[in-house]
Amino acid sequence: MNKTAFGVLCFYIAVSLSTACRRTAPDVNPVITREQVNIETGKNVEIIYSDSARVRVKVTGPTMLNYNDRINPRQEFIDGTLIYFYDDSLKVMSTLSGKYALRDERKKETVVRDNVVWESKVEGRLETSELIWDEKANYIYSNKFVKIIQPGQTITGYGFQTNSDFTHWKIGDPKGNIKVDNLEKQMN
């Protein structure tokens with residue numbers, strides 16, 4: 001074999017090897033996207049919030065997605081959540097549950113949606129499609145239709161506001177059977 005034929009053969013092998021090892025853009029599939037890198041998934045999550053060394057709230061959920069986004073950090077409970085509110089002696093005063101929740105870390109606000117039930121150990125039960133918990137103000141509210149069930153009365157309305165222990169609340173456009181104790185004494 002002469003030098004020219006040997007050179008052509010080497011060139012042909014080099015070109016063949018270099019094109020055989022290359023992939024075209026459609027053949028390349030990224031394993032993880034940039035957005036997925038900033039998401040942590042937690043299973044059977046339990047988060048405890050305390051103030052002055054006292055447990056105030058416990059948030060639980062079967063699946064939580066934690067978005068480590070610098071601009072919009074948040075936690076998403078895609079399979080529902082159950083939130084417990086405690087008094088100073090660690091007694092559960094109320095619970096909040098729903099099929100979905102999203103907590104905005106910067107606003108310190110949690111939105112609970114879909115079959116939302118809030119139960120107070122003292123004041124009754126509230127049912128709605130969406131409830132918002134403002135952690136900074138320790139305030140819970142909704143702009144949606146709500147139903148409050150208490151011993152002897154059921155009240156419905158649009159819009160609701162209360163503190164986290166449900167002792168002082170307001171309902172917009174109230175309707176229903178409202179129990180009035182000692183009305184006769186109050187009127188005299």
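The values are calculated or read from the model by the stated rules, or taken from the named source; none is laboratory data. Quick caveat: nothing in here was measured; it's all calculated off a predicted structure. Cβ sites come from the backbone with ideal geometry, for glycine too, and all protein chains shown count toward neighbours. Note: areas computed on protein heavy atoms with side chains; ligands, DNA, RNA excluded. Shrake-Rupley method; radii C 1.70, N 1.55, O 1.52, S 1.80 Å.
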Which number in (1) in a loop (DSSP other than H, G, I, E, B); (2) at pLDDT 85 or above marks the one condition that VAL146 misses? (1)
Of all the residues that make up region 101-130, how many are assigned to a strand (DSSP E or B) and under 18 Å from ARG56 (Cβ atoms)? 8
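Anything in region 75-89 that is open to solvent by 30 Å² or more (accessible area, probe 1.4 Å) and either at pLDDT below 90 or in a strand (DSSP E or B) (or both)? List them, or say none.
GLU76, LEU82, TYR84, TYR86, ASP87, ASP88, SER89
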Go through (1) modelled with pLDDT of 90 or more; (2) assigned to a strand (DSSP E or B); (3) open to solvent by 30 Å² or more (accessible area, probe 1.4 Å) and name the single condition MET93 misses. (1)
Take region 45-74 and flag every residue that is open to solvent by less than 30 Å² (accessible area, probe 1.4 Å) and free of Cβ contacts under 8 Å to residues at least 12 places away in the same chain. none
